[in-house]
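First up is the structure itself, then whatever we jot down about it.
No value in this document is a laboratory result; all are computed from the given coordinates. All figures in this text were calculated on a predicted structure; none of them were measured in a lab. Cβ placement follows ideal geometry from the backbone for every residue including glycine, while neighbour counts extend to all protein chains displayed.
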Amino acid sequence: MIQSPAELQNLRDRYAKGMAQQKAGILVCAGTGCVASGSLEVHAALEHALKEQGLHTSVQLLLEEESTGGVTAVKSGCHGFCEMGPLVRIDPEGVLYTKVKPVDAADIVAALDNGEPVERLLYRHPATQQVFVKESDIPFYKHQTRVALANCGHIDPNDIAAYIAKDGYQGAANALSRPPQDVVDNVLEANLRGRGGGGFPAGRKWSIAASVDADQKYIICNGDEGDPGAFMDRSVMEGDPHRIIEGMLIAGYAIGASQGYIYVRAEYPLAVERLRQALSDAEAWGLLGDNILGTGFSFALHVKEGAGAFVCGEESALIASIEGERGMPRPKPPFPAVAGLWNKPTIINNVETLANVPDILRRGVDWFKNSGTPSSPGTKTFALTGEVANTGLIEVPMGLTVRDVVYTIGGGIRKQMAFKAVQIGGPSGGCLTEEHLDLPLDYDSLQQVGAMIGSGGLVVMNEETCIVEVARFFMEFTQNESCGKCVLCREGTRRMKEILQRIVDGQGAESDLGLLEEVGESVQAGSLCGLGKTAPNPVLTTLQYFEEEYLAHVRDKRCPAGVCPGLKTFAIAAEDCVGCSKCARVCPVDAISGKVKEPFVIDREACIKCGACVDACKFGAVVEVA
């Protein structure tokens, strides 16, 4: 039980020295992605190999006086470089091994003694073939600035001692030694903007709630990450749960709250498990509960599992879900900072926002504002996915350009194909084109081109991607996730999805494009919550920047990317057809005719474009034509 800031500092120093005395620390990525690829089996094999060599000491961090200078093999959070998992890093040198299998364990352990890294497991740049030994030298990592992700992949998330050794809870100790208003003023001065959507300043929310007189106030961490392809919050919850607890503790003290909830998707079982373990440990060590660090401040936290409704990422719908009601948005005002959970003042910040708070209180406002842009200071995490060479979780200073992210960190487009677009912000965001490659990634710059950072999903698309199909996919997602409360959202998104489906099926008309725009603008204007107000974004931005591709679909009945089945046209190349008749026999609508041993032909009017003839022809005679 830690009873004072001085005791916390003393413990921090002793654990940090114990960490420094280790001969080596083996950190096996145990984020969801690497676990799915077999990293837990890799960890078990490494532990076995260490024990065989008499090197294994402890599964948890030891104090300075307890450390024997041996080797630990621990399961860490996500390392971020998902493309290369399972990942294993050897500290303190920072050697990174990629695509590790259990059979590699013995060689990795042997390398600890001979000092020669296992070359076949090192990262090799796909274009230059350069081999990198250290993680920090790999371009994917070299150009990042990690704050919220600083500990992810570097500590055991289930070991509170490891978090304390990395200055954990020092920000909370600093905050608790000062008047609450000073803490609010620090967050205001830092201009920490919400990392989960539109970038509303966190300090303004805190200031409002702090000024309200109430017998009970609440802090809620929004971990309901529902964007397709987004996994930033999940990785922080899995890899550094104590950072979130510390951020909530500071926020609770600042506004005078004594209770908090971490609202996390039930589809994130690993995050739920590690958060609950972290809460239990924090309570046992005196960092949650009554009289924290002897300051007289008491604060309790609970984990609430959400049912997976995308709309529950909206503040008022999330509150309704915690209260046991159906997750549907409520009219504002009053805003949650005035009347939120059970009608009490409530602050809701997303995971990444709260993950930035401890460092602001520990390292200062000036440090935080030293990165990013004047209007968007700090860093932002992104889930970099799609047709880019290096996919994974990244964190970069606000203001870095799309080009820097896609080509420097992401390694460019796969298979040397051309960049076409990037969808940013998931179903709430917009589509950026080649002309936006040098656009800074910050709240204000993106808003000017009709996009938004959102939670931070970045889906990169190449020349083989159909933009209309992308818009249809996101519209189908938001239509399915609409709670149905607002008529314009419920019916408008349905109509937009139907129009887009008609277009990709080859049945669209040029008038549909104007109708899409009209309905989209109506949905934006008439929806109650952020889901409906942003749902048309992917459609409206693609209409703006890819009008010619839409026109090709509706006017020319052609998909330039060759993706939409309804716009595919098949023909039989006479010079390749041997007249076997197999294509005609599998055609379900008798659209193929001809004589045996002579070239067959396809009636394009009768053809339903199912592709059965393509699969049946062993001679490659059935081809797709423009």
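Observations, loosely collected:
- For region 252-358, the Cα-based Rg and Dmax, in that order, read 14.5, 41 Å.
- Prolate/oblate/rounded call for region 167-369, Cα gyration tensor, a/c under 1.5 rounded: rounded
- Under 9 Å, Cβ to Cβ, from Lys380 - net charge with Lys/Arg +1 and Asp/Glu -1: -2
- Interatomic Cα distance distribution for the chain, bins of 20 angstrom, percent: 18, 46, 28, 7, 1
- Taking the DSSP bridge list for the chain and keeping only pairs wholly inside it, about 55 percent are antiparallel.
- For region 382-397 and region 108-142, distance of Cα centres in Å: 20
- The chain: relative contact order as a whole-number percent, Cα under 8 Å and 6+ apart: 11
- When the alpha-carbon atoms of region 568-625 are used, the pair Rg, Dmax equals 9.7, 27 angstrom.
- At least 15 Å along the helix axis (C-alpha) and Kyte average at least 0.0, DSSP helices within the chain: 241-255, 351-363, 467-481, 511-526
- Compactness of region 488-626 as Cα Rg over 2.2 N^0.38 Å, two decimals: 1.39
- Fraction of beta bridges assigned by DSSP in region 242-344 that are antiparallel (%, nearest 5): 10
- Centroid-to-centroid separation of region 299-326 and region 408-463 [C-alpha atoms, Å]: 30
- A simple rule links phi to the HN-Hα coupling: the Karplus curve 6.51 cos²θ - 1.76 cosθ + 1.60 with θ = phi - 60°, which for region 451-464 gives 10, 7, 5, x, 7, x, x, 10, 9, 8, 10, 9, 5, 8 Hz, with x for Gly and Pro.
- Averaged over residues, the count of other Cβ atoms within 10 Å places the peptides 433-443, 569-579, 271-281 in the sequence 271-281, 433-443, 569-579, highest first.
- From least to most packed, judged by other beta carbons within 10 angstrom and beginning with the fewest, Lys485, Lys75, Lys415 follow the order Lys415, Lys485, Lys75.
- Nearby lysines by direct alpha-carbon distance to Lys205 (threshold 28 angstrom, same-chain neighbours under 8 apart not counted): Lys217, Lys304, Lys332, Lys344, Lys369, Lys380, Lys485, Lys533
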